[in-house]
Amino acid sequence: MRHIRNTILIILCVVMLPIVIVRFLPEHWVATQVSRLLTDMTGYNVDIDAIGINTLSFHPTVKASQIVVNGSQLEGFLSLAHVLITLDIPASLKGALTVDRIELAEGEVKFLREANGNNTWTGAELPSKDVPSDKFEKIELPTLRSLTVSDVGILVVDEVSGHDVDLDLAADGSVGVTDEQWTAKATGNANGTPVEGILSLAGIQEIVAGSDSLKFNGSLAAGVNNIKLDGGIDDANTLDGLNANISLTLDDWQTLSSVSKIDLPALPATQLATRLTREAPQFLLSNIDMVVGNSSVNGDVRVDLSTTPISVYSNILAAPLDIDQLMQSLYSSEAANPVKNEPIEKQSADEAGNESTNEEDTLLPEEQFALQEVFNIAQGAFDIRADEISIENLPFDAFDISIAMDPDKLDVEFKQVELADGAVKGSMIVVQAGKPTSSNVELQAELELSALNVARILREADLPNDAGGKLGGKLKYWSKGSSVAELAAELDGGMFLLMAGGFIDLNMVEIAGLDLFQAMGDLITPSDEQTAVRCAYLDLHTKKGLSTINNLIIDTVDTVFLAEGRVDLSNETLDIVLEPHPKDVSLLASRTSVSIGGTMANPDFGVGAALPVRAVTIALLSQLATPALALLPLIEIGGGQPAPYCNALGGALSDGL
């Protein structure tokens with residue numbers, strides 16, 4: 001019996017002695033050893049004041065007190081009053097190490113960054129170890145059942161970005177049971193705006209182990225703005241299996257801009273509901289339902305972030321689309337966030353005078369295209385349709401366009417653009433030449449105009465609403481250059497435009513048939529009387545920036561106007577003669593032509609200089625084009641008889657427009 005008793009005592013001593021030794025180890029000594037180990041492993045300076053271990057239980061605890069973690073650049077990254085870890089010995093004996101609970105309490109995490117870039121969160125660089133990739137072993141993480149965070153603050157003061165955030169963080173719940181949630185809540189202020197965020201996760205342990213999906217739901221409130229999401233994900237590393245519902249209510253974009261420190265447009269109140277999924281390698285936003293002020297947008301968007309530039313494919317319908325409201329919002333944003341003026345180099349008075357003269361004499365911009373910024377934004381295809389368009393300054397009613405973007409090519413197809421009660425169809429291709437640094441582009445454009453109401457087009461030019469009739473025609477141009485001015489100087493192509501109906505102010509007709517000086521009184525107080533335009537057309541050909549008027553004819557009830565000349569786009573000069581041919585035989589001898597010279601920015605009017613600029617604008621903007629016709633023998637027929645070509649043209653206009 002004595003031998004049995006001694007044997008049992010020896011076994012108990014062997015088992016219990018390590019537990020007793022660990023139990024009664026000095027807390028400061030243990031803390032020092034653990035601090036050194038963590039410092040060597042992480043690159044951060046870890047200082048733990050004491051570590052107490054309670055091993056006399058099936059659920060032993062380890063409590064670390066007064067923990068301070070400092071980075072290699074600035075001190076004060078992390079401080080905690082204590083971290084309490086509770087182990088589950090019975091569960092651990094059955095397999096992997098099991099942690100029943102981790103509790104972090106009474107502390108603060110500081111993300112501080114100075115203007116020079118030094119910060120609290122950067123640790124020291126660890127010495128590299130050349131270990132063959134096949135020698136790496138997978139680290140088995142312990143099973144964690146619950147995680148509690150209480151009275152922990154998060155402070156962000158970033159002198160680089162300007163962020164100033166102060167939050168209180170609390171969290172509790174299960175992280176090891178699939179059907180139970182772990183919930184974290186943060187409240188406080190972000191850049192002067194009250195914020196509150198809540199995030200609930202279920203299946204954290206499983207997603208870490210790669211054995212199951214993570215389910216989540218959360219919300220973020222910033223002032224009056226709210227963002228909500230809920231869904232799940234299969235692989236946290238690749239985001240495969242992502243499936244989430246997202247809803248946003250953004251009533252104050254300026255508050256969102258303040259919180260994010262991003263200059264956002266001051267858009268009207270916005271609501272968005274959509275579904276975000278991951279179909280590798282693409283992300284899909286489906287069933288988009290968005291309301292921005294008076295505008296409504298629906299559709300789908302695919303984004304592939306693995307390409308350079310990113311690839312985007314969209315199918316969007318906007319109905320209605322209030323462009324006026326959106327543009328007003330963007331204008332308000334620019335006014336609220338003006339661009340800082342760059343320092344201007346001093347220049348001599350002569351240089352300033354020359355620049356001023358050049359600016360006054362030129363109209364076409366000479367700034368080079370920022371092609372890289374455009375083509376580097378994205379590539380892909382965009383189908384965009386808009387109905388019920390509201391835009392005050394342009395007579396757009398609806399449009400349906402397709403855009404295809406490659407890294408060096410932009411292809412736009414105007415499937416149907418409802419403009420001024422008519423329609424525009426065509427295409428435009430822009431190719432970047434001389435990649436990757438050149439600003440040169442090659443441009444091709446081809447349009448077909450059908451039944452456009454010229455009155456609506458001219459409305460914003462302060463011209464009579466019924467000054468023009470129905471307009472149709474075809475345009476085809478191509479060019480190359482690195483600015484608008486260069487494109488114009490190299491422009492090739494032409495247009496044929498045709499118009500039927502409309503009116504012209506009688507002042508123009510009367511002055512064209514009478515001595516200009518006798519009509520001066522009428523010019524000072526122009527009459528509201530109008531004369532009908534029976535038909536008008538223009539045949540304009542352009543080669544190397546020189547646009548030549550082959551035929552420009554406007555046939556009114558009283559007068560036929562014939563124009564010839566050219567517009568040199570390379571130097572923006574005008575050389576045009578507008579010649580009236582009154583149908584009243586008594587006025588044939590007194591007809592007076594009008595010459596238009598000077599530049600596009602500052603036109604000069606010869607002999608007909610007394611002709612109202614307003615009337616000249618009508619003459620030049622109401623013209624339409626058809627193929628050139630041999631019409632000169634039919635112009636001066638006298639007696640106010642209608643020109644025969646207009647009779648024949650009437651049916652063609654009805655059919656063609």
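The values are calculated or read from the model by the stated rules, or taken from the named source; none is laboratory data. Owing to the predicted nature of the structure, the values given are computational and were not obtained by experimental measurement. Cβ sites come from the backbone with ideal geometry, for glycine too, and all protein chains shown count toward neighbours. Each accessible area value is taken on the protein alone, full model and side chains, heavy atoms only, with ligands, DNA and RNA left out. Shrake-Rupley method; radii C 1.70, N 1.55, O 1.52, S 1.80 Å.
Of the set (1) in contact (Cβ under 8 Å) with a residue 60 or more places away in the chain; (2) closer than 23 Å to Leu321 by Cα; (3) surrounded by 17 or more Cβ atoms within 10 Å (Cβ to Cβ); (4) β-branched (Val, Ile, Thr), all apply to Val417 but (1). Within region 94-117, one or more residues are open to solvent by less than 40 Å² (accessible area, probe 1.4 Å) and more than 25 Å from Trp182 (Cα to Cα).
Scanning region 28-86 for residues that are in contact with a Lys or Arg (Cβ under 6 Å, 6 or more places away or on another chain) and of a type in the set (Val, Ile, Thr), we see that the one that is surrounded by the most Cβ atoms within 10 Å (Cβ to Cβ) is Thr86. Residues in region 185-216 that are open to solvent by 60 Å² or more (accessible area, probe 1.4 Å), touching an Asp or Glu at 6+ places or on another chain (Cβ under 8 Å) and modelled with pLDDT of 95 or more: Lys185, Asn189. Here Leu578 fulfils each of the conditions (1) more than 30 Å from Lys480 (Cα to Cα); (2) among the hydrophobic types (A, V, I, L, M, F, W, C); (3) out of contact with any helix residue (DSSP H, G or I) (no Cβ under 7 Å at 6 or more places or on another chain); (4) at pLDDT 80 or above apart from (3). Residue count for region 505-563 under the criterion of being modelled with pLDDT under 60 and of a type in the set (Val, Ile, Thr): the result is 4. Considering only region 277-286, I want to know if a residue exists there that is surrounded by 18 or more Cβ atoms within 10 Å (Cβ to Cβ), part of a strand (DSSP E or B) and modelled with pLDDT under 95. Yes - at least one qualifying residue is present in region 277-286.
Looking at region 429-439, can you tell me whether even one residue there is touching a Gly at 6+ places or on another chain (Cβ under 6 Å) and more than 30 Å from Asn602 (Cβ to Cβ)? Checked region 429-439: no residue is touching a Gly at 6+ places or on another chain (Cβ under 6 Å) and more than 30 Å from Asn602 (Cβ to Cβ).
Taken over region 539-577, the criterion of being outside any strand (DSSP E or B), of a type in the set (A, V, I, L, M) and open to solvent by less than 50 Å² (accessible area, probe 1.4 Å) is satisfied by Leu569 alone. Of the residues making up region 101-114, one or more are among the aromatic types (Phe, Trp, Tyr) and either in a strand (DSSP E or B) or modelled with pLDDT of 95 or more (or both).
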